[in-house]
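The block underneath contains the structure these notes are about, expressed in structure tokens.
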Amino acid sequence: MTRCIYNDHWQELETLTVPIQSQAIQYGTGLFETLRTYENKSLPFLERHLERLFNSISALNLCCSFSREQVKEMVLRLVEDYEFELQRIKILVLPDGVLITSSQLVEIASDSYRLTTWQGKRSMPEHKSTSYFDCHLAWQTAQSQGFDDSILVDQTGAIYETGRANLFWVNNEQLYTRKSDVLP
């Protein structure tokens, strides 16, 4: 079951509607952040996620009808109210409002994760935009071919991210990731 707060009010996700004329529907205008809780429902990275979200709101000149502190309070209220200790939280900022959802986090217990490649990248990789079709198509294509996800690459073979995750690697005990064209 998923719990949600929309514009600071408890809602049933199944009955929530967005107007067909919304810029979110018409143009994919919106931003999101996904995070998780840890032991005792703790959110050690909430401030970093909110900072990235509100930096993107400012950089893209989007309107958010709630302050950073109000969004934080909605997240904390939702997390506290939900029965599960480990939760997957999604904050979605649309021209029509702010939707925050929580569902039980199901961790993947696997020694291996099967990846393929997919040529393409997001149009604004520095922001978690709801204009996410390329990543969704990469993931969907991988799934249909028996893989878990796709690594997005450009025509030169440069690696960006996967359809559903950030990429990093360790070499000689040093952590690496892209410097640009990915989420900060």
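The values are calculated or read from the model by the stated rules, or taken from the named source; none is laboratory data. Please read these numbers as outputs of a predicted model, since none were measured by experiment. Using ideal geometry, Cβ is built from the backbone for each residue, glycine included, and neighbour counts are taken over all protein chains shown. Remember, those area values only see protein heavy atoms, side chains included, never the ligands or the DNA or RNA. Shrake-Rupley method; radii C 1.70, N 1.55, O 1.52, S 1.80 Å.
Residue-by-condition table, conditions (1) of a type in the set (Phe, Trp, Tyr); (2) under 30 Å from PRO19 (Cβ atoms):
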residue	(1), (2)
ASP81	no, yes
GLN87	no, yes
ILE100	no, yes
MET124	no, yes
VAL153	no, no
THR156	no, no
TYR160	yes, no
ARG164	no, yes
THR177	no, no
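Test each condition in (1) open to solvent by 40 Å² or more (accessible area, probe 1.4 Å); (2) under 27 Å from ARG68 (Cα atoms); (3) not acidic (Asp, Glu) for TYR113 and report the one that comes out false.
In the conditions (1) open to solvent by 40 Å² or more (accessible area, probe 1.4 Å); (2) under 27 Å from ARG68 (Cα atoms); (3) not acidic (Asp, Glu), TYR113 misses (2) alone.
Output the residues belonging to region 79-90 that are surrounded by 14 or more Cβ atoms within 10 Å (Cβ to Cβ) and in a helix (DSSP H, G or I). Spell out how you get there, then give the answer.
First, the residues of region 79-90 that are surrounded by 14 or more Cβ atoms within 10 Å (Cβ to Cβ): 79, 82, 84-85, 87-90.
Across region 79-90, the qualifying residue is only VAL79.
Checking ASN40 against (1) of a type in the set (S, T, N, Q); (2) on the phi < 0 side of the Ramachandran plot; (3) in a helix (DSSP H, G or I), which single condition isn't satisfied?
(2)
Are there any pairs, at least 6 apart or on different chains, whose C-beta atoms fall under 6 Å, with the first in region 27-51 and farther than 15 Å from MET74 by Cβ and the second polar (S, T, N, Q) and open to solvent by 30 Å² or more (accessible area, probe 1.4 Å), and if so, which?
Matching pairs, first to second residue: GLY28/THR130; GLY28/SER131; THR29/GLN23; GLY30/THR130.
Just checking, does region 14-22 include any residue being in contact with a helix residue (DSSP H, G or I) (Cβ under 8 Å, 6 or more places away or on another chain), aliphatic (A, V, I, L, M) and either closer than 25 Å to VAL182 by Cβ or open to solvent by less than 50 Å² (accessible area, probe 1.4 Å) (or both)?
Among the residues of region 14-22, not one is in contact with a helix residue (DSSP H, G or I) (Cβ under 8 Å, 6 or more places away or on another chain), aliphatic (A, V, I, L, M) and either closer than 25 Å to VAL182 by Cβ or open to solvent by less than 50 Å² (accessible area, probe 1.4 Å) (or both), which makes the answer no.
From the list LEU76, LEU35, LEU62, LEU53, which one is more than 19 Å from LYS128 (Cβ to Cβ) and surrounded by 11 or more Cβ atoms within 10 Å (Cβ to Cβ)?
Numbers: LEU35 fails: more than 19 Å from LYS128 (Cβ to Cβ); LEU62 fails: more than 19 Å from LYS128 (Cβ to Cβ); LEU53 fails: more than 19 Å from LYS128 (Cβ to Cβ).
The conditions single out LEU76.
What's the total number of residues in region 131-163 that are assigned to a loop (DSSP other than H, G, I, E, B), at pLDDT 90 or above and surrounded by 13 or more Cβ atoms within 10 Å (Cβ to Cβ)?
Within region 131-163, residues that are assigned to a loop (DSSP other than H, G, I, E, B), at pLDDT 90 or above and surrounded by 13 or more Cβ atoms within 10 Å (Cβ to Cβ) number 3.
For region 152-182, give me each residue that is β-branched (Val, Ile, Thr) and more than 15 Å from ASP134 (Cα to Cα).
We begin by selecting, within region 152-182, every residue β-branched (Val, Ile, Thr); these are 153, 156, 159, 162, 170, 177, 182.
The answer is THR156, VAL170, THR177.
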